[in-house]
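Read through the structure below, which is laid out as structure tokens, and then see the notes.
The values are calculated or read from the model by the stated rules, or taken from the named source; none is laboratory data. No experiment lies behind these values; they were computed from the predicted model shown. Reconstructed Cβ throughout: ideal geometry from the backbone, glycine too, with neighbour counts over all protein chains shown. Heavy atoms of the whole protein, side chains included, go into the accessibility calculation; ligands, DNA and RNA do not. Shrake-Rupley method; radii C 1.70, N 1.55, O 1.52, S 1.80 Å.
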Amino acid sequence: MSISHIKAPVENVSVKPTAVSLFSGCGGFCEGIEQSGFAVKVAVELDKYACQTYRHNFPKTPLFEGDAHDFLSTGSGHEAAYRLNDIDLVFGGPPCQGFSQIGARRLDDERNELYKQYSRVVRDLRPRVFLMENVPNLAMMNKGHFKKLIIEEFSALGYSNTVMLKVSADDYGVPQTRQRVIFIGTRDKDNFPFDLESFCDQTLSCLRTPRAVTVGEAIGDLPDEVVHSGEVMPYSKAKKPSSYMREMRIDLDGKVYSKLDKKLRGHGNSPARLHNHHTKEIQARRAHLISLLEPGKKANSLPKEIWDNKRPEKWRRLHPDWPSHTILAQMHRDLSEWIHPRMNRWITVREAARLQSFHDGFVFVGSEWQQLKQIGNAVPPLMAHALGTLAQEVLRVLDESSYATDLPQEAVRGGVQRVLFPTEA
């Protein structure tokens, strides 16, 4: 079957489709979903520090600060208070530590139950589409036990048209090889007319960038010097900004983010400044050790008299010509796996944010420890933008009474070339 399905940009639609954000964190998923054309009616987040950053950057979005178990609880009145009738999309990533490669990966980990809170909200709101993000281990753990449980759970709720997609953030303009799985489903009563998995794969293939964005293209314009936590820096101009830098910088328009979008996010009407360009202190001994690391190398490349090779991942310098490896929440404890590609220091909070595709207008508040944790836990906004575009396409199909299926694939690809920014050849 030939499906041609990416059409006019969603901003031409007079009324935006509505969405509810669960496990919102500091707002990475929300940033991408909003930019894809959705109006977020309410965000739900428990962590008070993440809520501080969320409120700073989304002052107009209602935020339910509390346990997901209490959202839409009996007698809460939340549906009326947040006007949650006829929601188009529910999205979010239930905390994934119970499934993570670096965790204990126990089936009875209480954090693995949070997907049931997600499904409960889907049950209560009956959105036309849902998106649920998680780590790849969820699909592999105990021979796919949790994948099967999740699909069965949504099927019982009237979403038997649910599939799991595997995505990599670097395919969608994020300078990072971050692997994730996405569950997407539509209501049975809406009778989505195509095979959902094939439709999603084809749509996402149209949104992929020609090649991955590199660390150098992502952070090469940021100053070598850093400031203390809580301080800001003047916003210097970039001499030859890459396409990605144009997307990130406050003083330039990108394909996804305009200058106005970026300026209004966390800066308001204040003059442009570089926020969050600070990092953890480094001892002289460690600074000497990392000075011996070449770009892209780990501790096991060092002489034995320098390092015993017991933990080769302990030290890792980013390569300027490659995407970053996965940005993790554990940065807040130890940044030694994220060493600047040229300087003998750890990356800064702002550099970590850039590698997650947070533009410079997005300001992180609170302690440095909390800022790094929030960034590592976030869904990269540009990947979220691609997923939001996918959800928009699913909704458009559901909205159309007649649907052409015989246009050439070139039409499919051509229709989305302007959705994501190009990278340099």
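Checking Ser357, Ser324, Ser336, Ser367 one by one, the residue that is under 29 Å from Asn269 (Cα atoms), open to solvent by less than 10 Å² (accessible area, probe 1.4 Å) and among the polar types (S, T, N, Q) is Ser357 and no other.
One line per residue, one yes/no per condition, for (1) closer than 24 Å to Ala378 by Cβ; (2) of a type in the set (Asp, Glu):
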site	(1), (2)
Ala272	yes, no
His277	yes, no
Asn309	no, no
Glu313	yes, yes
Pro320	yes, no
Arg333	yes, no
Trp338	yes, no
Asp360	yes, yes
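The set of residues from region 329-351 being within 19 Å of Ala50 (Cβ to Cβ) and either modelled with pLDDT under 95 or touching a strand residue (DSSP E or B) at 6+ places or on another chain (Cβ under 9 Å) (or both) comprises Ala329, Gln330, Met331, His332, Arg333, Arg350.
Go through the residues of region 291-312 one by one and say whether even a single one is touching a strand residue (DSSP E or B) at 6+ places or on another chain (Cβ under 9 Å), open to solvent by less than 60 Å² (accessible area, probe 1.4 Å) and among the charged types (D, E, K, R).
Quick first cut of region 291-312, residues touching a strand residue (DSSP E or B) at 6+ places or on another chain (Cβ under 9 Å) only: 293-299, 312.
Checking which are open to solvent by less than 60 Å² (accessible area, probe 1.4 Å) leaves us with 293, 295-296, 298-299, 312.
Remaining after also requiring among the charged types (D, E, K, R): 298.
Checked region 291-312: at least one residue is touching a strand residue (DSSP E or B) at 6+ places or on another chain (Cβ under 9 Å), open to solvent by less than 60 Å² (accessible area, probe 1.4 Å) and among the charged types (D, E, K, R).
Selection of region 158-170 for residues being closer than 14 Å to Ala386 by Cβ, open to solvent by 10 Å² or more (accessible area, probe 1.4 Å) and either among the small types (Gly, Ala, Ser) or touching a residue at least 60 places away in the same chain (Cβ under 8 Å) (or both) yields Ser168, Asp170.
Step by step: first the residues of region 223-269, then only those that are among the polar types (S, T, N, Q) and in a loop (DSSP other than H, G, I, E, B), then the one that is least open to solvent (accessible area, probe 1.4 Å). Which residue is that? Give the derivation first.
Filtering region 223-269 for residues among the polar types (S, T, N, Q) gives 229, 236, 242-243, 258, 269.
Restricting the remaining residues to those that are in a loop (DSSP other than H, G, I, E, B) gives 229, 236, 242, 258, 269.
Values: Ser229: 65, Ser236: 63, Ser242: 10, Ser258: 38, Asn269: 152 Å².
Filtering region 223-269 for residues that are among the polar types (S, T, N, Q) and in a loop (DSSP other than H, G, I, E, B), the one least open to solvent (accessible area, probe 1.4 Å) comes out as Ser242.
Of all residues in region 273-282, none satisfies being in a helix (DSSP H, G or I) and open to solvent by 60 Å² or more (accessible area, probe 1.4 Å). For the condition open to solvent by less than 70 Å² (accessible area, probe 1.4 Å), among the aliphatic types (A, V, I, L, M) and in contact (Cβ under 8 Å) with a residue 40 or more places away in the chain, Ala287 qualifies.
Can you find a residue that is β-branched (Val, Ile, Thr), within 20 Å of the chain's Cα centre (by Cα) and under 18 Å from Met383 (Cα atoms) anywhere in region 39-49? Quick ask: steps written out before the conclusion?
Initial filter on region 39-49 (β-branched (Val, Ile, Thr)): 40, 42, 44.
Adding the requirement that they be within 20 Å of the chain's Cα centre (by Cα) leaves 40, 42, 44.
Subsequent filtering for residues that are under 18 Å from Met383 (Cα atoms) retains 40.
Within region 39-49, one or more residues are β-branched (Val, Ile, Thr), within 20 Å of the chain's Cα centre (by Cα) and under 18 Å from Met383 (Cα atoms).
Does any residue in region 305-332 that is within 20 Å of Glu351 (Cα to Cα) come within less than 9 Å, Cβ to Cβ, of a residue that is surrounded by fewer than 17 Cβ atoms within 10 Å (Cβ to Cβ) and β-branched (Val, Ile, Thr) six or more places away or on a different chain, and which pairs are these? What qualifies is Trp322/Thr177; Pro323/Thr177; Ser324/Thr177; His325/Thr177; Thr326/Thr177; Leu328/Ile102; Gln330/Ile102.
So that you can scan it fast, the table gives a plain yes or no per residue for (1) within 20 Å of Phe358 (Cα to Cα); (2) without any contact (Cβ under 8 Å) to a residue 60 or more places away in the chain; (3) of a type in the set (S, T, N, Q); (4) touching a strand residue (DSSP E or B) at 6+ places or on another chain (Cβ under 9 Å):
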{"site": "Ser36", "(1), (2), (3), (4)": "yes, no, yes, no"}
{"site": "Lys41", "(1), (2), (3), (4)": "no, yes, no, yes"}
{"site": "Ala68", "(1), (2), (3), (4)": "no, yes, no, yes"}
{"site": "Asp86", "(1), (2), (3), (4)": "no, no, no, yes"}
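Scanning region 178-211 for residues that are open to solvent by 30 Å² or more (accessible area, probe 1.4 Å), part of a loop (DSSP other than H, G, I, E, B) and in contact with a Phe, Trp or Tyr (Cβ under 8 Å, 6 or more places away or on another chain), we see that the one that is nearest to Glu152 (Cα to Cα) is Arg187. For region 142-152, indicate whether the set of residues that are charged (D, E, K, R) and modelled with pLDDT of 95 or more is non-empty. The answer is no; no qualifying residue exists.
Mind listing whichever residues of region 73-87 are assigned to a loop (DSSP other than H, G, I, E, B) and open to solvent by 20 Å² or more (accessible area, probe 1.4 Å)? Can you show your working first?
First, pick out the residues of region 73-87 that are assigned to a loop (DSSP other than H, G, I, E, B): 73-77, 82-87.
Across region 73-87, the qualifying residues are Ser73, Thr74, Gly75, Ser76, Gly77, Tyr82, Arg83, Asn85, Asp86.
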